[in-house]
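Report on one structure; see the data block that follows.
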Amino acid sequence: MPPSNASPPVHSREINKVIVELNKLGERIFNMMEALRDNEERYQHFYRDTPALLLVIDDKGTVQDASEQMLEVTGWAREHLVGMPFHALISSQNGKHIHRISTALRLGNACNDLVMTLNCQHQEDRQVQVVIPAANGSQARGTMMLLTDITELTRTQQRLLEHELIDPLTQLPNRLSLNQHVQQLIARDAVFGLLLVNIDRFHSINHHLGPMDGDLLLKEVGARLKECAPDWIARTGGDEFVMTCDINDLRPLAHRIQIAFSHPLLKAGEPIHLSLSMAGLQAQADDESPSRLMRLLELTVVDIKHKGGNQYRTCVRDSALEDGEPLFLKERMIREALTMGWFRLYLQPIFRAASADLEAPELLGAEALIRLEHPDLGLVPPDEFIAAEEKTGQIVEIGNWVLEEAAVILCEWRRLGIEERYLSVNASVIQFRDQGILHQLESLLERYPIHPSQLVVEVTENLMLDSKDSLRYQLQAIRRLGVNLSLDDFGTGFSCLSYLHDLPFGILKVDRSFVMNVETSRRDRELARVIVAMGQSLGMQVVVEGVEERGQAEIFQAMGVHAFQGYLFGRPMPQQAFETRFHANADARVSLLKPIRSAPGTGNDPG
């Protein structure tokens, strides 16, 4: 007899029910697997077979997948591409974009309309436009990056631009081309001559001949001028031609032109005698703008014409000619430059003064200097727009832009492993109103992973005229952030010693006016010695700017100054040129500023 706790017998009907339910469950699982397989196939088709350049990037910037079109265009194999950091696909010249893309991937933010160069394996590199959509929810499976190949579009735009650089009547370069050509000469520190040629009374001649023969006359004038052997020639508009030449050939070129046009041109069956007004100019090393040079030439030609024309004259440089442009026109240009992205940062290197070899000194850092690259006027010098920025209040917006760009540069240096080099930026008195610069610096340090000590804010002595209590609070707050402070152009302004003692400046920059005559003037040499000794006694690092001669450098080196800045060692240069000269693998022997003293009473020296 079975025990009382034994299980009751199981009937076959109950077993059949269990089997039926298991079959239904298996069928549902099978259908779910089929759906997942279909989804996977659609995923593969979307990401891999789409005729678009697609990458799937994780939040650390690693490539997870790529479309077939991406593989075909770049020449990379999928097994090599997957697992690669995305920045390996980006040309090093686009390094400033990498931090912005990395931040967008990490935070799930959108990143739109970045144009950069894509490195390819088996063909030429491609120009691409990058778009990253904002991520909704988890990014564990990666974020899609869409790249649009704009190589051919860029080439077409370049061909159109080249077409825009030619005068259709004479087939000579036009005014836009002249701006570019002169800017290139200035960038190469070339010394060259400029000659402007204008036809006297051309309006009357053109009215007499008629438009068709007047055009033919201009074409022949261009051809005859070209036969006078200038280095380069352009028709800049109407009856105006501009040539470049060696400075020693300026007067001989004008003389050759006068001889060439002593013979008449035959048009409409009659001889046409032309007289010319010509203005010559020797471009100097510090000429920064084609527009300034052209303005001087054109004003000289106007004066020649008022006195009868038919002569050659050398331009007389007069600072009064630079004045008089209405403020609202400059304000409009600045606003347009901000909107269109015409502002650029140029970097001037700063070197250790105690370097054993002044021919190859150690790089400490650089000063960031703002420049305006106008598409028509070329490089506009700072003194043509900075004063206007101060008067209109635009200096605050531009100052914020400079700080933002400086933070991007420091991030890029850090990515390249350069964490010792510092970058100095100039700040206006206006930026200190309402603690604007303090708030901007706090925001930058929250948003960018930079070392505060790599950033130096330079202010001039004019700042001392502001409220002392407000000034002390802001400067001490900036130092508490870890940002270093420099007093620029010392000796040219207020020069109150109590400010040097009370305020947390760690760097004192000796103005170039105390440097230029230090070799020849005993008085200037003693003044410079006093300034250097005063800065050193207060524990400040003394930087000498405007050093152009080796003798100047040797004198200040003997005084024990900390750093040099000036044309002897390096001119301000575009960021790309600076990075090329002082790239991470170069033997630049970079060194960071030593710790800067704290603000009195702060007890903080992040240095």
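Please treat every number below as a calculation from the coordinates, not as lab data. Since the structure is predicted, the reported quantities are computational estimates derived from the model, not experimental observations. As a convention, Cβ positions derive from the backbone with ideal geometry for all residues, glycine included, and neighbour counts pool all protein chains shown.
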- Query: If you plug each phi of region 123-131 into the Karplus form 6.51 cos²θ - 1.76 cosθ + 1.60 with θ = phi - 60°, what whole-Hz ³J(HN,Hα) values come out, in order, with x for Gly and Pro?
  - Reply: 8, 5, 4, 10, 8, 10, 10, 10, 10
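Give me the net charge of Val73's neighbourhood, meaning all other residues with Cβ under 12 Å from the Cβ of Val73; Lys, Arg count +1, Asp, Glu -1. Could you put the intermediate results ahead of the total?
Working: positive: Arg126; negative: Glu68, Glu72, Glu124, Asp125, Asp149.
Local charge sum for Val73: -4.
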- Task: Would you mind listing how long region 327-581 runs along its three principal axes, going by Cα atoms, in whole Å with the largest first?
- Result: 49, 43, 40
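Could you work out the local net charge near Thr236, counting Lys and Arg as +1, Asp and Glu as -1, over the other residues with Cβ closer than 11 Å to its Cβ? Let's see the in-between values first.
Working: positive: Arg175, Arg235; negative: Asp167, Asp239, Glu240, Glu298.
The answer is -2.
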- Query: So, in nm, how far is label Ala110 from label Ala356 when the simple model puts each one 7 Å beyond its Cα toward the Cβ?
  - Reply: 5.7
- Message: Need one number: the % of Cα-Cα pairs in region 165-322 sitting beyond the 19 Å mark.
- Response: 53
- Met340 and Lys391 label points (each 7 Å along its Cα→Cβ direction) are spaced in nm at 2.2
- Give me the compactness ratio for region 50-154, meaning the Cα radius of gyration over 2.2 N^0.38 Å. 0.98
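Where Lys and Arg each count +1 and Asp and Glu each count -1, what net charge lies around Arg512 among other residues with Cβ under 10 Å from its Cβ?
Numbers: positive: Lys509; negative: Asp489, Asp511, Glu545, Glu548.
Value of the local net charge: -3.
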- Query: With contacts defined as alpha carbon pairs under 8 Å and 6 or more residues apart, what's the relative contact order of region 50-154 in percent?
  - Reply: 30
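Report for region 327-581 the percent antiparallel among DSSP-assigned beta bridges with both residues inside it, nearest 5. Could you put the intermediate results ahead of the total?
Numbers: 16 of 39 bridges.
So the antiparallel bridges amount to about 40 percent of the total.
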- Task: Report relative contact order for region 165-322 in percent, whole number only (criteria: Cα-Cα under 8 Å, sequence separation at least 6).
- Result: 29
- Expected sort for 299-310, 242-253 on mean C-beta neighbours within 10 Å, highest first, is 242-253, 299-310
- Once amide hydrogens are built 1.01 Å from N within the peptide plane, the residues lying 5 or more places from Ile272 or on another chain with amide H under 5 Å from its amide H are Leu265, Leu266, Lys267
